[in-house]
Every structure is written in C-alpha cells, then in structure tokens.
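Q: The structure's right below; bear with me while I get my questions together.
The values are calculated or read from the model by the stated rules, or taken from the named source; none is laboratory data. What you see is a predicted model, and the numbers here were worked out from it, not measured in a lab. Quick reminder, even Gly has a Cβ in these numbers, built from the backbone with ideal geometry, and neighbours come from all protein chains shown.
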Amino acid sequence: MKMLVIHQFFWAHYKAKIYTELQKVVDKHPNDELLVLQTALNEFTRAKIGSIDYSIHQYNVQVLFEDYYENTTIWQRTKKSIYWIRKFKPDVVNLPGYYEPAMNLVLFYCRMKGIKVIISADSTEGDNPNIWWREALKRFIVSRAQGFFCYGSKSAEYMYKLGMQPKHILVANNAVDNQKVETIYNEAVIERKTNKEIYQLKKYNFIYVGRLIEVKNLDNLFAAYKPLADSEWGLIILGDGSEEEKLKKYAADNHLDGIRFIAGQAWYDVPKILALGDVFILPSYSEPWGLVVNEAMACGMPVIVSNKCGSAYDLVIEDQNGYTFNPNDVKELTNIFNKFVNEPEKIAPFGRKSKEIIQRFSPEQVAQEMYDGFKKVVYDNQ
C-alpha cells in the first residue's frame, strides 16, 4: 500500500510528530510506503513564530516550494502535486481540506485516475456563516472522497451534516507531542519563582497563548478580566499580532496592571511560558480545534475554552479539568474566572485531570488511526 499525504506548511511541528509516528507504523510493514508532500515552508501569519526545526521531521518528505505558501499560485500547487502523484503512484492520497482550489483539482484528478482520497477535515459547522450555495459546494466536494481524518467530534459532526456516514470517519482526534511539551514544561517549572519575579507577575495567573488577532476574542477576554484587576490574579498574554497595540492601550487606559504581554515564542519555548501560568484560557470566536489546549493540558493545567473551539467538546470535562463558555458573554467568563479566584485549590486537581484526559490524544494514537484508515479505504472499498 502506497500512501501519499499532502500538507500545506512544513513549519507545523505538531504534524511533524504525527507523521514521524506514522512513518514508524508504516516501517513495520515491508510492502507499505509513505510519502508526505509539504506544499510550502510556512505562511505569512506565522512567520514570527519560530523557524523550522528540520530535526523533528523524521519521515519521507518532499517540500514542493521553498517559500511562503502565499507566494505560490493555485496552478503551481496543482501542477507540482500532480507531478508527485504520477511519480509516486499512490493507492491513496490524503488531501488537506476541501476549501483550497488547488487541492480540489487534485481531488478530481485522483478520482479520474482511480486513486482513493481521504480528506483532512478541520472545519466545524460554526466556523463560518453557512451560506446555502457554499454548503452545497462542500457537499459535492466531500462526496468525492472515500474517508475523512477529522479534527475531533465537532468536525466529524459537520461531515455527517454534509452527507457523510459514520463509516467514512476514519480519525476524530488531534494531538501534539505531549511528552516533549511536558518535559520542557517540567524543566521550566524549576525556575518558575525566579521567572515570575522577572516578569513581575501576580501570585496566580490566567494565561492566553496565540496570535493577537480579532477572531481570538481578546477584547472580551480583557473585559472579563477587568473586574479581577485588584485580585491576586494576573493575565499573561503570549503572542504577536495586529491587535497588539489596541490591547496594550486598553490595558493601560483601564489600569489593568496585572496583564503582562510576552512576545510570541517558537513552539518549543511556549511550555516555558505556560510554566508561569496557573489556568489556561482560549476565548476564540472560531477555532476548528485549538492545539494549544492540548499543550496546556499536557503541562497539567486547568483549561477554560470557548464553546466555539472544536477541542472544547473533546478535551474539557465541565468542573473536572476546566470550563467552556459562550465567547460573546463577558459576564459568564468573569464568573468562570471567579471559580478559580475564589477556590485556587481547584488548580491542582483540575490539572491532574487534564493530564489524564490528554493521554488519549497522543501522536502515536493519531498515527495508528491514520494508518488503519488508509488501510480501510484501500482494501475495504475495492
């Protein structure tokens, strides 16, 4: 069985770990072969989040364009992808989503050549406004595939609404390198007290990690934190983005001295900053999954996650390892903050529960599910 995976960005460290584990599974089967095509090195919006760590990509890989994704055209991406399909001659191709014109052209090429197709589906029904003609187009495209690798249960539910059946859902999981993240975090915790003094942090801290852009809903996060300004709790903001100056001005104008801004970090340094916080918060208006929730849980942190994030439905157990909330409801978020402000003794048991839950969301598990999915599509649909 020859498996070809097409992915957009070589930078994606979490995929590097999953594909590395998939390669290990494939290597156990002498008649199987894996090739991963990384379309481009990175995208503009993530250009500041660390350079590519080539050492973690331990799988058979070809980079189509040594450039930013936005500097490539639809025709270039289509042409290069088809070139490698013709060269590698796969039995099954895993495509990155159903929204990118070049990959849709590749999908139809594969169907024309009798090659099985699995689509990686990261979207959920609530990601974007569901205009009827767009939904009809999605149904047409996804109906051409034989299976789906979904980013969690909400993504799988959306595939059902687009006409797919449970048998088509081959993976409903998403993972980061739990072990690596935890190791870096544990090493950083040793210096936690000293580093908190360096950053002039409060006794306890909520922490957000991500880009500072509108969809992340940081305006409401700041408004929800505002009533807690005089408490022992601070708010750490780790990241860069177009909203940064506006957010800093809001914090200054409202005398929110407990908010600390830290510039965006490479992925392998993020756990070091997580070690400064106590409770993780992801307030996004829209998030297909939110892998930083996995990272926080691997570090043993309680999590507060918007119910518009796909991970909220798979990773958060209410009042056990965290809470979910409506991202438009500032008061609800303040009330959730107060659950920890009033009972900081919750932090430790909630964190232990997070570590327990996240063990089921590992790269090894995702890789095995992917391999089993490839096998099912190639052999069960003949």
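Q: Within the bounds of the range 117-131, is there any residue that is in the same structural domain as S155 (by TED's automatic domain parsing) and over 23 Å from the mean Cα position of the chain (by Cα)?
A: yes
Q: How about the range 182-204: which of its residues are in contact (Cβ under 8 Å) with a residue 40 or more places away in the chain and aliphatic (A, V, I, L, M)?
A: I184, A188, V189, L201
Q: Now for a separate question. Looking at this structure, is I52 within 17 Å of A266 (Cβ to Cβ), aliphatic (A, V, I, L, M) and not assigned by TED's automatic domain parsing to the domain that holds L212?
A: Judged against the criteria, I52 is a match.
Q: Would you point out which residue out of R260, R211 is buried (at least 18 other Cβ atoms within 10 Å of the Cβ), touching a Leu at 6+ places or on another chain (Cβ under 8 Å) and basic (K, R)?
A: R260
Q: On to the next question. Select the helices (runs of 4 or more DSSP H) contained entirely in the range 251-365, then report the ones holding at least 1 residues which are more than 19 Å from K196 (Cβ to Cβ).
A: Result: 291-298, 312-315, 330-342, 347-358.
Q: Select from the range 299-349 the residues that are aromatic (F, W, Y) and touching a residue at least 60 places away in the same chain (Cβ under 8 Å) and write down the one among them that is farthest from L228 (Cα to Cα).
A: Y313
Q: While we're on this one: Check whether at least one residue in the range 339-361 is at pLDDT 95 or above, surrounded by 21 or more Cβ atoms within 10 Å (Cβ to Cβ), under 19 Å from L221 (Cα atoms) and not assigned by TED's automatic domain parsing to the domain that holds V25, and report yes or no.
A: Among the residues of the range 339-361, at least one is at pLDDT 95 or above, surrounded by 21 or more Cβ atoms within 10 Å (Cβ to Cβ), under 19 Å from L221 (Cα atoms) and not assigned by TED's automatic domain parsing to the domain that holds V25, which makes the answer yes.
Q: Right, D269: surrounded by fewer than 24 Cβ atoms within 10 Å (Cβ to Cβ), over 23 Å from R46 (Cα atoms) and assigned by TED's automatic domain parsing to the domain that holds K193 or not?
A: So D269 fails the test.
Q: Next up: If you check L170 against the conditions, is it part of a helix (DSSP H, G or I), of a type outside the set (S, T, N, Q) and out of contact with any Ser or Thr (no Cβ under 8 Å at 6 or more places or on another chain)?
A: No: the conditions fail for L170.
Q: So which of L22, L4, L34 is free of Cβ contacts under 8 Å to residues at least 60 places away in the same chain, farther than 28 Å from D240 by Cα and surrounded by 21 or more Cβ atoms within 10 Å (Cβ to Cβ)?
A: L34
Q: Residues being closer than 15 Å to G300 by Cα and modelled with pLDDT under 95: count how many of those fall in the range 181-218.
A: The number of residues fulfilling the criteria is 0.
Q: Please find, among T20, T45, the residue that is of a type in the set (V, I, T) and either outside the structural domain of E369 (by TED's automatic domain parsing) or modelled with pLDDT of 95 or more (or both).
A: One residue alone meets the criteria, T20.
Q: Let me ask you something else. Residues G114, G126: which one is of a type in the set (G, A, S), out of contact with any His (no Cβ under 9 Å at 6 or more places or on another chain) and under 21 Å from Y160 (Cα atoms)?
A: Only one candidate qualifies: G126.
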